[in-house]
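A.B. asks: Before I ask anything, here is the structure I am working with.
The values are calculated or read from the model by the stated rules, or taken from the named source; none is laboratory data. These figures come from a predicted structure and were not determined experimentally. Note: ideal-geometry Cβ built from the backbone for every residue, glycine included; neighbour counts use all protein chains shown.
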Amino acid sequence: MVPELALDRMFDYRVPPGLVGKLGLGQRLRVPWGNRQVLAYAVDFPEKPEVEKCREVLEVVGEEPLIPEVLIRVARWMADYYCCDLSMALKGMLPDTVRAKEDSFKKRWWVMVPGHWTLEKAEPLLKKAKAQRVAWQVAVASGGGWMAELTRKSGVSVAVWRALEEKGLVQLSHEKMERDPLFEAVVGSQDLPLNEEQREALRVFLEESAKAQPQPILLQGVTGSGKTEVYLQIIRQVLQAGRSALVLVPEIALTPQTVEHFRSRFEDEQIRSAVLHSHLSAGERHDQWQMIRSGKARVVIGARSAIFAPTQRLGVIIIDEEHEASYKQEESPHYHARDLAVLRGSMEKVPVLLGSATPSLESYLHARTGKYKSVHLRKRVLDLKMPLIHILDLRKEKASEEKGQRVGLAEGLRVAVEKRLERKEQTILFLNRRGYATSLQCPKCGYVAECEHCAVPMTYHRTRHQLICHFVIRRSRRQRSVRIVALRSID
């Protein structure tokens, strides 16, 4: 048992006879802790306790375990590998609203019209009640619905619905109302034809899915090669097998765009999608999590924390842009969602698809050594051409001079920009975030001014005419002193 306290160990409690058979891994419990009671999670059932005298579990909170068994194993691995408290790892897997109160659904009044009523039968009861007649007709035309919505359409008060209920013309019930951030309708889409490379990626996935212990798959595809279409058709195969899919995206800003792709493909087939990320309200996050836990949502899309989604019968985990640093959790508990995805896939014996145009060095090495399967998408869909890329070596460029000063733009870049301006075309120049230039380089020998402490190129600030090592700035905040090097002229 692990209490919801910042402790680095587990504790033994005895299960009383009245609770035998009601506990499972991941079950939330109420246990005595000194002179008070705390909430805890069941993470193991040892045959023999570590101590002779064990206190008893007081209560089982909730009918079913909150955390699936596989996520319990993931949490224990996290605590060991990332050196964090097991309680912290378990708490990070649950939304705050779920931990505070398991049933936090929003409840609203639902209006239902009994099927045996017709306008002719109801006429005597509505003869002298104009507002009730309007409300009842709106309810019949809508086939029932939430009272708040029907009230808005009919323009009546809540008292009118109570009066209709007393007459038996409608039935009112207090129902759970799911707060859905995906309420907007989408236009359905169909599967697109795959090219040879995309079909090979799908074949490799199906081949790995048939294995008892599938390997992760690195899908290395250039921008515009159709990786998303491969994801969609892989998920279709998973859904047809009666399983669910988990899709991770690197940034919350990309989540709505990704969700729209998946909803347009599957929601016409009555397959619901759920989304998990930190920009949802507390109520939306609670309802989406519960929808995943109940199995109503079979496609889950989200940012790094979605790796802890309590999916039912998981069939595939897809990590889009697997090289992105945003998959790393900076706050405690620290973890890398990509690595946890590979771990969870291994535990649940499902393929993990890692997609990227520029894979991380770790994934690239695993693919080269055979630890991961490797699939390449080298061509763009519809045979679109790749953009031309020119690398300019400033040491070989002949710098132009203006007023005795050297210009930072290479001659080839300057000519290219001038041509675009003459054609009335646009040019985008991506600049460094801080300072005038990310480094200062000698045009003759290629020497780059570096910090003598950390060997990082120093940033040139033109307004102060100085070179600054920003890495030293970050490391020296407590000392309140920053090493700033005066710029020396380079001949």
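A.B. asks: Here is a list of conditions, (1) modelled with pLDDT of 90 or more; (2) polar (S, T, N, Q); (3) crowded, with 17+ Cβ neighbours inside 10 Å, and Gln240 meets all of them except one; can you say which number that is?
C.D. replies: Among (1) modelled with pLDDT of 90 or more; (2) polar (S, T, N, Q); (3) crowded, with 17+ Cβ neighbours inside 10 Å, Gln240 violates only (3).
A.B. asks: What pairs can you find where one residue is in segment 245-267 and assigned by TED's automatic domain parsing to the domain that holds Arg293, the other is of a type in the set (Asp, Glu), and their Cβ atoms are less than 6 Å apart, with a gap of 6+ or different chains?
C.D. replies: Val249/Asp320; Pro250/Glu321; Pro250/Glu324
A.B. asks: Also: Please note which strands (runs of 3 or more DSSP E) are completely contained in segment 290-382 and include at least 1 residues that are closer than 26 Å to Asp85 by Cβ and in the same structural domain as Arg265 (by TED's automatic domain parsing).
C.D. replies: Once the strands (runs of 3 or more DSSP E) in segment 290-382 are filtered for at least 1 residues that are closer than 26 Å to Asp85 by Cβ and in the same structural domain as Arg265 (by TED's automatic domain parsing), what remains is 297-302, 314-320.
A.B. asks: Restricting attention to segment 30-56, which residues are within 21 Å of Ile67 (Cα to Cα) and either touching a Pro at 6+ places or on another chain (Cβ under 9 Å) or in a loop (DSSP other than H, G, I, E, B) (or both)?
C.D. replies: Answer for segment 30-56, where residues must be within 21 Å of Ile67 (Cα to Cα) and either touching a Pro at 6+ places or on another chain (Cβ under 9 Å) or in a loop (DSSP other than H, G, I, E, B) (or both): Val31, Val38, Leu39, Ala40, Tyr41, Ala42, Val43, Asp44, Phe45, Pro46.
A.B. asks: Let me ask something additional. For residues in segment 419-432 being over 23 Å from Asp393 (Cα atoms) and in a loop (DSSP other than H, G, I, E, B), which is farthest from the chain's Cα centre (by Cα)?
C.D. replies: This residue is Arg423.
A.B. asks: Look through Ser264, Ser273 and report the one residue that is hydroxyl-bearing (Ser, Thr, Tyr) and within 14 Å of Ala309 (Cβ to Cβ).
C.D. replies: That would be Ser273, the only listed residue that is hydroxyl-bearing (Ser, Thr, Tyr) and within 14 Å of Ala309 (Cβ to Cβ).
A.B. asks: If the Cβ limit is 7 Å and pairs must be 6+ apart or interchain, which residue in segment 1-25 that is without any contact (Cβ under 8 Å) to a residue 60 or more places away in the chain and in the same structural domain as Val60 (by TED's automatic domain parsing) pairs with which residue that is assigned to a loop (DSSP other than H, G, I, E, B) and loosely packed, with under 11 Cβ neighbours inside 10 Å?
C.D. replies: Listed pairs, sorted by first residue: Asp12/Glu50; Asp12/Val51.
A.B. asks: May I ask you to verify whether Val299 is touching a residue at least 12 places away in the same chain (Cβ under 8 Å), surrounded by 23 or more Cβ atoms within 10 Å (Cβ to Cβ) and touching a Gly at 6+ places or on another chain (Cβ under 7 Å)?
C.D. replies: no
A.B. asks: Starting from residues that are assigned to a loop (DSSP other than H, G, I, E, B) and among the aromatic types (Phe, Trp, Tyr), keep the ones in segment 433-472 and report whichever is farthest from Asp393 (Cα to Cα).
C.D. replies: Tyr436
A.B. asks: Checking the condition small (Gly, Ala, Ser), within 21 Å of Ser305 (Cα to Cα) and touching a Pro at 6+ places or on another chain (Cβ under 9 Å), which residue from Ala341, Ala367 passes?
C.D. replies: Ala341
A.B. asks: Considering only residues that are β-branched (Val, Ile, Thr) and closer than 25 Å to Cys83 by Cβ, look in segment 1-53 and name the one that is surrounded by the most Cβ atoms within 10 Å (Cβ to Cβ).
C.D. replies: Here the residue is Val2.
A.B. asks: Would you mind telling me which numbered condition in (1) within 22 Å of Tyr364 (Cβ to Cβ); (2) in contact with a helix residue (DSSP H, G or I) (Cβ under 6 Å, 6 or more places away or on another chain); (3) aliphatic (A, V, I, L, M) Ala245 fails?
C.D. replies: (1)
A.B. asks: Which one is modelled with the highest pLDDT among residues in segment 243-271 that are more than 14 Å from Ala297 (Cβ to Cβ) and not in a helix (DSSP H, G or I)?
C.D. replies: This residue is Leu248.
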